[in-house]
Amino acid sequence: MDIFSLFTLCGGLAFFLYGMTVMSKSLEKMAGGKLERLLKQMTSNPFKSLLLGAGITIAIQSSSAMTVMLVGLVNSGVMELGQTIGVIMGSNIGTTLTAWILSLTGIESQNLFLNLLKPKNFSPVVALIGILLIMASKKQKRRDIGRIMMGFSILMYGMELMSSSVAPLADMPEFARLMTAFNNPLLGVLVGAVFTGIIQSSAASVGILQALALTGSITYGMAIPIIMGQNIGTCVTALISSIGVNRNAKRVSVVHISFNVIGTAACLILFFGGDLIFHFPFMDSVIGVGGIALCHTIFNVFTTVLLLPFSRQLEKLARRAIPVEAAAEQFAFLDPRLLRTPGVAVSECVAMTKQMAELAHQNTILSVRQLTDYSDARATEILENEDKLDIYEDRLGNYLVQISQHGVSMDDIRTVSLLLHAIGDFERIGDHSLNLQEAAQEMEEKDLHFSEAAKRELTVMLSALEDIMDRAFTAFANDDPALAATVEPLEETIDHLSEEIRLRHIHRLQKGECTIQLGFVLNDLLTNWERVSDHCSNLAVSVIEERGEEMDRHAYLHNVKDAGSFVSSLEKDMETYKLPEV
């Protein structure tokens with residue numbers, strides 16, 4: 001083996017890691033927010049969590065990405081520590097699939113169909129199909145499938161490069177002497193852990209071990225401790241991701257590390273203790289790529305079965321290792337680590353925007369109550385909520401912009417666009433709620449009271465306002481374009497009501513039944529209510545746009561008023577919210 005073989009080994013490792021990254025990120029992108037929703041729904045018990053962790057890791061082909069995702073979700077308060085334990089165990093099982101795929105490189109047969117299973121033979125075709133999908137397809141989902149296929153092909157090409165680069169080692173006596181050192185199990189565990197920790201990919205580490213196995217110089221006794229050590233080395237990613245997070249998120253990393261360390265120690269003692277007693281005959285036998293995949297799977301499944309009943313004890317261990325501080329921790333709004341899985345980040349932004357919507361809705365209702373039952377405590381609550389809405393808009397807006405700079409699917413791009421529009425509308429509704437609070441405060445301080453006729457008219461107006469907010473906010477929360485389509489006629493109804501109330505006020509003013517000062521307050525109230533209904537209309541149109549039913553906002557608003565359904569809905573709303581007779 002010369003210096004050029006070493007260069008080829010490094011290049012093969014680079015191709016392997018790049019292919020794994022491309023494939024993993026494309027799989028995550030296609031999965032989108034489904035991963036996050038599954039994590040929330042299926043972590044009610046350890047067995048569901050176990051299956052879910054294995055399934056997601058198989059789907060995205062990265063246990064490291066799974067761990068980072070869990071740290072981010074716990075840091076954001078979305079998941080509890082106990083919910084992550086089964087997922088972590090399952091991800092260790094899910095990651096074994098890569099070793100089985102890589103084991104196909106060891107197929108040696110004259111049979112045509114068996115030879116087609118060998119990656120060296122079929123991956124060029126996969127690469128060709130992948131690049132055609134990327135270059136020729138107009139649909140984002142097909143281009144993502146193309147990237148998955150290209151990533152897989154690059155990964156397999158990297159595996160072939162590594163295999164060919166280490167092939168000369170089989171004839172080197174120095175290499176054979178070096179390998180005898182790995183008969184020491186502790187050294188094997190140490191090498192597996194350190195190497196995996198450096199490259200931060202257990203899949204690549206297993207791949208290199210499988211490439212070395214093709215030389216015929218690796219025995220079961222050498223390979224098994226290295227495989228055990230690889231599980232410890234993969235914890236480095238979890239350790240790095242826990243930097244700068246709250247203490248509960250740090251415990252996720254502690255669970256991951258303690259699970260792998262305890263599992264490795266237990267297997268090491270049981271296996272090599274058994275070898276001392278029973279002298280396993282296969283220990284000195286040469287191991288193949290399939291044997292490595294089998295040992296990797298048996299080890300991970302055994303450690304999971306062994307430690308799954310002790311999930312609560314692992315949680316207690318993590319809590320003792322990272323004790324609770326006396327001072328309460330500050331809640332992390334949206335964890336930047338979730339940006340590594342953009343689909344999950346988008347899903348979390350949707351949930352956070354819904355919280356913002358509830359807060360804006362609540363603040364409007366509180367400000368309306370101030371008009372009839374003024375309270376200083378309620379005024380303080382309105383001001384605090386307005387500050388929170390400003391924080392929501394600022395942080396969510398920045399976070400959504402960051403997400404858009406990562407690889408996201410077309411569905412997620414539309415969702416990000418909807419959210420960017422929506423948070424602006426919610427923040428403006430909060431501003432109008434503050435204006436209403438100030439108007440209510442002025443009436444309280446100056447002891448101003450509307451006439452009975454004006455109160456009856458405003459009651460109708462407020463009923464319409466509450467209805468349009470319910471429709472718009474529910475349509476946004478449930479992504480319901482049919483309900484969103486009913487908002488615009490009601491917005492038009494509120495405009496008519498506002499104009500009619502102003503005209504009636506002028507008539508009362510002319511008769512001396514009202515004052516100019518009350519007129520100013522009334523005008524402020526009506527203006528702010530109209531603006532709130534305008535923002536509800538914006539939200540409804542955004543929901544319709546996001547579903548792709550109408551992509552031009554101005555064209556939609558122009559055309560919808562000519563539709564027969566709009567006219568009939570408008571007539572119905574005008575009849576429902578009819579001002580009392582003068």
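Structural remarks
- Subset of the stretch 230-289 [closer than 22 Å to GLY82 by Cβ, under 26 Å from the mean Cα position of the chain (by Cα) and of a type in the set (A, V, I, L, M)]: ALA238, LEU239, VAL245, ALA249, VAL252, VAL254, VAL255, ILE257
- Checklist (1) closer than 25 Å to LEU396 by Cα; (2) aliphatic (A, V, I, L, M); (3) not in a helix (DSSP H, G or I) applied to ILE429, failing item: (3)
- Output for the stretch 287-305, where each listed residue is in contact with a helix residue (DSSP H, G or I) (Cβ under 8 Å, 6 or more places away or on another chain) and open to solvent by 50 Å² or more (accessible area, probe 1.4 Å): VAL301, PHE302
- Taken across the stretch 325-344, residues that are modelled with pLDDT under 90, in a loop (DSSP other than H, G, I, E, B), within 21 Å of MET66 (Cβ to Cβ) and small (Gly, Ala, Ser) do occur, with at least one present.
- Residue match in the stretch 161-184 (condition: assigned to a helix (DSSP H, G or I), at pLDDT 90 or above and buried (at least 22 other Cβ atoms within 10 Å of the Cβ)): no
- Selection status of GLY512, free of Cβ contacts under 8 Å to residues at least 40 places away in the same chain and farther than 19 Å from THR372 by Cα: yes
- Top-ranked residue in the stretch 495-542 [being open to solvent by 30 Å² or more (accessible area, probe 1.4 Å) and of a type in the set (Lys, Arg); ranked as modelled with the lowest pLDDT]: LYS511
- If only residues of the stretch 232-280 that are open to solvent by less than 50 Å² (accessible area, probe 1.4 Å), out of contact with any Ser or Thr (no Cβ under 7 Å at 6 or more places or on another chain) and not in a helix (DSSP H, G or I) are counted, the one that is farthest from ILE322 (Cα to Cα) is VAL245.
- Scope the stretch 137-156; condition touching a Gly at 6+ places or on another chain (Cβ under 9 Å), in a helix (DSSP H, G or I) and not aromatic (Phe, Trp, Tyr); matching residues: ASP144, ILE145, GLY146, ARG147, ILE148, MET149, MET150, GLY151, SER153, ILE154, LEU155, MET156
- Residue satisfying condition, being over 21 Å from the mean Cα position of the chain (by Cα), modelled with pLDDT of 90 or more and open to solvent by 60 Å² or more (accessible area, probe 1.4 Å), within set LEU383, LEU366, LEU389: LEU383
The values are calculated or read from the model by the stated rules, or taken from the named source; none is laboratory data. Predicted model, so just to flag it, every value in this text is computed and none were measured. Neighbour counts are summed over all protein chains in view; Cβ atoms, including those assigned to glycine, are modelled from backbone coordinates with ideal geometry. Remember, those area values only see protein heavy atoms, side chains included, never the ligands or the DNA or RNA. Shrake-Rupley method; radii C 1.70, N 1.55, O 1.52, S 1.80 Å.
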